[in-house]
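Working notes, beginning with the structure itself.
The values are calculated or read from the model by the stated rules, or taken from the named source; none is laboratory data. These figures come from a predicted structure and were not determined experimentally. Glycine gets a Cβ as well: all are built from the backbone with ideal geometry, and neighbour counts include every protein chain shown.
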Amino acid sequence: MRYILPVFVASAVDAIHSVSVVSSNAYTCNAVSGVDVAFASDEKSITASFPPIALTVEAPAHGYPGGNSSVGCGATVEFEDWPTGVRFAISGVTWHTGRLNLTKGNLLHSLRAKVDLVVEHETNTYPLHYPIVKNYASATLLDVDVDPALSDFQGKYEFSTKNPRPYWSTCFNGYLANTTKISFQLGGSSNGGGTSQPGWSMDLGLIWESCYAPNETIWGQKVIRGWESCTYRETNSTIKRSKALYPMQ
């Protein structure tokens, strides 16, 4: 699955191309059945849509009495480039669904949204020598769980909340050796049942600013230097130990 997402930042025209989509949980959510990611024409928001998913009553299982409802999906989208000299943060989120049915005391008590950003930066791009060495940096840009306290409702529904702790992305400097991955997770749950038509999405408000950083990897809540190189060496050492234990006859 491939998307071409046009983004215009700081008067420069750049194209963001996503190269893969990986689903990260169940609830009839996977890349084959459909995950859509698109930027607004004014670049002030990005929408992650999950057309197949619906708020569904949970059946009894393993001692769980069932009767409550949930909806959820997660997907990671990989991008092969990004606009140069900018960084972004998420200002807030709005959840959408086409038709929500909450009757007979059904209570929608949770809407969840989480967005994680991962940047993998090759450090030995040319001339390329194996093992390929990459620096890995990641951070959570949005992580909210709100209580809409909604009941006795039928119809098209949306709910918005601000990001209480905006976190800036890395400053992208246009290195072609970067792999940028953004993970989108949407969730919701209700007490006493409740259903919806398939089709949930979340709009993420974006804040952009120009920036300059000599190295994109000076960023992140989690940073690992030379992480692929370490994995490679550990694997090789394991192979060597195996040969020592089982010499050729």
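Within segment 20-60, track down each residue that is among the polar types (S, T, N, Q), modelled with pLDDT under 90 and within 14 Å of the chain's Cα centre (by Cα).
Selection gives Ser20, Ser23, Ser24, Asn25, Asn30.
What pairs come up if the first residue lies in segment 201-213 and is among the β-branched types (Val, Ile, Thr), the second is at pLDDT 95 or above and surrounded by fewer than 16 Cβ atoms within 10 Å (Cβ to Cβ), and their beta carbons are under 6 Å apart, counting only those six or more places apart or on different chains?
So the pair list comes out as Ile207/Ser91.
Inspect segment 184-204 for any residue being within 22 Å of Glu80 (Cβ to Cβ) and either assigned to a loop (DSSP other than H, G, I, E, B) or out of contact with any Pro (no Cβ under 9 Å at 6 or more places or on another chain) (or both) and give the result as yes or no.
Yes, because at least one residue in segment 184-204 is within 22 Å of Glu80 (Cβ to Cβ) and either assigned to a loop (DSSP other than H, G, I, E, B) or out of contact with any Pro (no Cβ under 9 Å at 6 or more places or on another chain) (or both).
Can we say Asn124 is farther than 30 Å from Ser189 by Cα and free of Cβ contacts under 8 Å to residues at least 24 places away in the same chain?
Answer is yes for this residue.
Suppose we filter segment 201-223 for residues that are crowded, with 18+ Cβ neighbours inside 10 Å, at pLDDT below 95 and among the hydrophobic types (A, V, I, L, M, F, W, C); how many remain?
Final tally of qualifying residues: 1.
Within the bounds of segment 1-19, is there any residue that is closer than 22 Å to Thr179 by Cα, hydrophobic (A, V, I, L, M, F, W, C), surrounded by 17 or more Cβ atoms within 10 Å (Cβ to Cβ) and at pLDDT 75 or above?
Within segment 1-19, not a single residue is closer than 22 Å to Thr179 by Cα, hydrophobic (A, V, I, L, M, F, W, C), surrounded by 17 or more Cβ atoms within 10 Å (Cβ to Cβ) and at pLDDT 75 or above.
Within segment 189-200, can you find the residues that are crowded, with 24+ Cβ neighbours inside 10 Å and either of a type in the set (Ser, Thr, Tyr) or within 29 Å of Val19 (Cβ to Cβ) (or both)?
Answer for segment 189-200, where residues must be crowded, with 24+ Cβ neighbours inside 10 Å and either of a type in the set (Ser, Thr, Tyr) or within 29 Å of Val19 (Cβ to Cβ) (or both): Ser190, Trp200.
Hey, any hits in segment 83-91 for a residue that's under 28 Å from Leu150 (Cα atoms), at pLDDT 95 or above and in a strand (DSSP E or B)?
Yes, the conditions are met somewhere in segment 83-91.
Could you identify the single residue in Lys114, Lys156 that is more than 18 Å from the chain's Cα centre (by Cα) and among the basic types (Lys, Arg)?
Unique residue meeting the criteria: Lys156.
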